[in-house]
Amino acid sequence: MSGILMMVIAIVVLGGAYLLYGHYLQNKWGIDPNAKTPSYELEDGVDYVPADTNVVFGHQFASIAGAGPINGPIQAAIFGWLPVLLWILIGGVFFGAVQDYAAMYASVKNKGRTIGYIIEEYIGKLGKKLFLLFCWLFCILVVAAFADVVAGTFNGFSTDEAGVVSTIAANGAVATTSMLFILEAVCLGLILKYGKLNKWVNTGIAIAMLVAAVALGLKFPIYLERSTWHLIIFAYIMIACVVPVWALLQPRDYLNSYLLIFMIAGAVIGVFVANPSCNLEAFTGFTVDGQYLFPILFVTIACGAVSGFHSLVSSGTASKQVKNEKNMLPVSFGAMLMESMLAVIALIAVASFGKGEAAAQGLTTQPQIFAGAIANFLSVIGLPHELVFTLINLAVSAFALTSLDSVARVGRLSFQEFFMDDDVDEENMSPALKVVTNKYFATAITLVLAYLLAKVGYAEIWPLFGSANQLLSVLALVACAVFLKKTKRQGCMLWIPMAFMMAVTFTALSMTIIKLAKAFATTGLSLGNTLQLIFAVLLLILGVLVAVQGIRKLFVKSDTKQQN
């Protein structure tokens, strides 16, 4: 299969899914364009802030994308291009997009509350407590892994076998551009809030800022060590978690979304002009290098198909910014399909290399393989290979930072919500309760634990991320299915994804626990493996308990709530 044919199939399937299935869900569940959304009803200038559709889409897209839809398909390509393509398209449409839309829909219909509150309202307080604890542990895991990845990407120095230290220009450029994005985001936030300019003028300003940051990054790279970047990144996250979303989160993700869209557009053009051949086998077997297609394929390809983290963004931050209920479909369903398109491009990129060809060119990481392939495609029309390679690498690396402040904020909110109930009198809380529900304390304890875990290294904790992430999607689907049932809306389209992902995640986590237990019995556990084992056991127990509670609610007859 050629690259163009694969791309055309993806465009037709994903575009058709948005027009047909997306609007079917919207009509089936019902929206009220005249309803007052939570962003207006509860506007507080910090978390609840109305924003234009393109701004919220930018936040949603940049937050959920990152490097996940690039890393996953390239890693899973060991099973062949056919199972990868099928899972991206089927998973993206019927699993991921449905989950993201359902999570945002349920949240907006419940005053912008998170999935945790949805579980409390429709499943019970114990379910909420267990889910929020699961969420908090998951967020710590994600922040630790992503922070270490970003620090490694920004690391300005390398040491060869002889002990000679040299600078890495590409990493320095990425670091400068990312830091400039943060400063520019603050300026853009002020413009968006107080400028009251036309959205096209805002778009023009954002693109100009984007180009300036990239140009300055290439011209003035920053060279700092990995350990220094760890401190800077966590200091940034600490600030980003507590400042109003309009001041940093919204505008920075808005900027980054354009960078990602430009990258996708360039990659699509590259595929059509180069029409790369597919050098991957269609299917290599159910077991490859000791890896089982089930459940590994469905855990590895998360962000390009279905990812539990998306539900946290949809219900945790984006739902509090949507101006109108009709905007939920493009922001959630649309952003997921766009991410699936990026995953297909990543598959085409890795398939364009013959066996051993990427390694021979010095392309060892997934982002490097992706950037090298796109640079090869665009060199056909005369663009300098080295420049395109650097720009694509820069774009991919910059997005690893975008997910950090979103997931850290969700972690902070999960910690606070764990100690809060609807019947709590906020004015007469005990001193201890005031402390644990304080946003600064919640942020600090979340990030301190994540920092300690990050020092272990992402390679030690990354294998657990995929399983935990997909188990989170199970819990989100269960919560949304119960919500739809209780509000007399049809939710059967969530049942098959829920059952399938339950089988995937429980199998994957059980395999991880067995593997770590065997390692303990033979050679003992390292610090990283010990942390993995603790997290794996806790996440599996919490996931099973929440899932069981939710499923019981699906199959027992109970009073329904008034549809709104």
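Bear in mind these aren't lab numbers, they're just calculated from the coordinates by the rules spelled out. All values derive from a computational prediction rather than experimental measurement. Because the Cβ atoms are built from the backbone with ideal geometry, glycine has one as well, and the counts that use them run over all protein chains shown.
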Next on the checklist: What lysines does K488 reach when the alpha-carbon gap must be under 18 Å and sequence neighbours fewer than 8 apart in one chain are set aside?
Outcome noted: K28, K109, K553, K557, K561
Checklist entry - Can you give the charge dipole size of the chain about its Cα centre, rounded to the nearest 20 debye, using +1 on the beta carbon of Lys and Arg and -1 on the beta carbon of Asp and Glu? => result 1140
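Rounded to the nearest 20 Debye, what is the dipole magnitude of segment 210-327 about its Cα centre when Lys and Arg each give +1 and Asp and Glu each give -1 at the C-beta? Write out the running numbers ahead of the final one.
Numbers: 6 positive and 5 negative charges, 96 e Å.
So the dipole magnitude of segment 210-327 works out to roughly 460 debye.
Test of understanding: ordering R252, R552 by Cβ neighbours within 10 Å, fewest first, what list do you get?
Numbers: R252 26, R552 14.
Going from least to most buried by this count: R552, R252.
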Item to check | Dipole-positive endmost among W87, A395, P251 within segment 3-555 (Cβ charges, Cα centre) | outcome: W87
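How far, in nm, would the chain grow between T530 and V165 when pulled straight, counting 0.36 nm per residue and subtracting the alpha carbon separation?
Working it through step by step, the gained length comes to 128.1 nm.
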Checklist outcome for this item: Cα-based Debye curve of segment 209-259 sampled at q = 0.26, 0.27, 0.30 Å⁻¹ gives log₁₀ I(q)/I(0) of -1.04, -1.02, -1.00
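How high is the FRET efficiency between I514 and N275 when r is their beta carbon distance and R₀ equals 56 Å, given to the nearest 0.05?
The value I calculate is 0.80.
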Checklist entry - What nm distance separates the two modelled labels at T287 and N27, each placed 7 Å from Cα along Cα→Cβ? => result 4.9
Next on the checklist: What FRET efficiency comes out for V548 versus K111 if R0 is 35 angstrom and r is the Cβ-Cβ distance? Round to the nearest 0.05.
Outcome noted: 0.80
Item to check | the chain pair-distance distribution - Cα-Cα, 10 Å bins, rounded % | outcome: 4, 18, 30, 29, 15, 4, 0, 0
Checklist outcome for this item: With label points set 7 Å from each Cα along the Cα-to-Cβ direction at Y223 and A499, the distance between them in nm comes to 6.0
Item to check | Cβ-derived FRET efficiency at R0 45 Å, I11 paired with L42, nearest 0.05 | outcome: 0.70
Checklist entry - Three principal axis extents, largest first, for the C-alpha atoms of segment 284-412, in Å? => result 49, 40, 28
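Too long at a 21 Å Cα-Cα cut-off: which of K129/K455; K125/K485; K36/K128; K199/K326?
K129/K455; K36/K128
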